[in-house]
Number of protein chains: 2
Amino acid sequence: MQIDSLENKVFLALADPSRRAIFESLTRGEAAVKDLTAQFDISQPAVSQHLANLKEAGLVRGRREGRHVYYRVEPDGLKPLVDWITHYRAFWIDRVDRLEQLLDGMDE
Amino acid sequence: MQIDSLENKVFLALADPSRRAIFESLTRGEAAVKDLTAQFDISQPAVSQHLANLKEAGLVRGRREGRHVYYRVEPDGLKPLVDWITHYRAFWIDRVDRLEQLLDGMDE
DNA sequence: ACAATACATAAGTGAAGACTTATTTGTTGG
DNA sequence: CCAACAAATAAGTCTTCACTTATGTATTGT
């Protein structure tokens, strides 16, 4: 029994193709659950569950307007993912830098 | 029955915390299966299975040397992930740019 | 050659997860 | 108000998956 970090939630949320497809759709603009349900070949509850998952991961935000709930992408939602990547990317760049330094030193 | 794309494999591979931990460990340097098994609290077969998964996703590469198999990070392995992110990040930046253009236009 | 070491594969198990249908909860138009 | 619509939640099913133990496959040292 372990609390999952936001980072883990983001990775888990994006691991599912349907969820990524929903997220991608939302990057093209706000949409109500109804619209998303029409757009994909899964039931309305499935869509709602995916949205709840994305919301839990901080990737998406819901806004009620009358009978509809409009979802939109949360701008900083991908930050944990970006941070994770840049962290390890930075490591490689650092290694490359150090390699270059080494090579430069050998030139002299 | 559906082929899964490399993109999907990458997302799936990184969705598991143990697998991310193994990947992260490998960014700190090449390691044999034995070393990784010692490092984490799971069995050797579990480690091998995770490595096979990471390899299938193009995130990792194995090199046999005698009885040992040394694994290392595949430098371009994260590219699908980076591409995916920048694709949608580009969309937001574009939106921000257009918003700024609009605001600039209103100044005149 | 063979015992030992390192790793991979096989097979089984329990938990998590992605769906479904059925129902409940909000919210409005008539 | 209430019939109808929109979305969320409940409950059940079937699959996927992360592990385990057991076994197979390479590759050495002696």
inquiry  = If a residue must be farther than 30 Å from B:A32 by Cα and of a type in the set (F, W, Y), how many such residues does region B:63-95 contain?
reply    = 4
query = Residues of region A:54-69 being surrounded by fewer than 18 Cβ atoms within 10 Å (Cβ to Cβ) and not basic (K, R), which ones?
reply = A:E56, A:G58, A:G62, A:E65, A:G66, A:H68, A:V69
query = Just one of A:D76, A:D35, A:D4 is within 13 Å of the chain's Cα centre (by Cα), without any contact (Cβ under 8 Å) to a residue 40 or more places away in the chain and surrounded by fewer than 18 Cβ atoms within 10 Å (Cβ to Cβ); which is it?
reply = A:D76
Single match in B:W92, B:W84 (criterion: over 20 Å from A:P17 (Cα atoms), of a type outside the set (D, E) and modelled with pLDDT under 95) = B:W92
ask   = When you look at A:I42, is it modelled with pLDDT under 90 and of a type in the set (A, V, I, L, M), yes or no?
value = no
inquiry  = Name the single residue that is nearest to DNA strand D (Cβ to nearest atom) among those in region A:40-60 being outside any helix (DSSP H, G or I) and over 17 Å from the mean Cα position of the chain (by Cα).
reply    = A:S43
query = Picking from B:G66, B:G77, which residue would you name as being modelled with pLDDT under 95 and at positive phi?
reply = B:G66
request  = Just give me the residues in region B:9-39 being assigned to a helix (DSSP H, G or I) and near DNA strand C (Cβ under 10 Å from one of its atoms), in sequence order.
outcome  = B:L12, B:V33, B:K34, B:D35, B:L36, B:T37, B:A38
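The values are calculated or read from the model by the stated rules, or taken from the named source; none is laboratory data. Remember, predicted model here, so these are calculated numbers, not experimental data. A quick note on method: Cβ atoms are made from the backbone with ideal geometry, for glycine too, and the neighbour counts reach across all protein chains shown.
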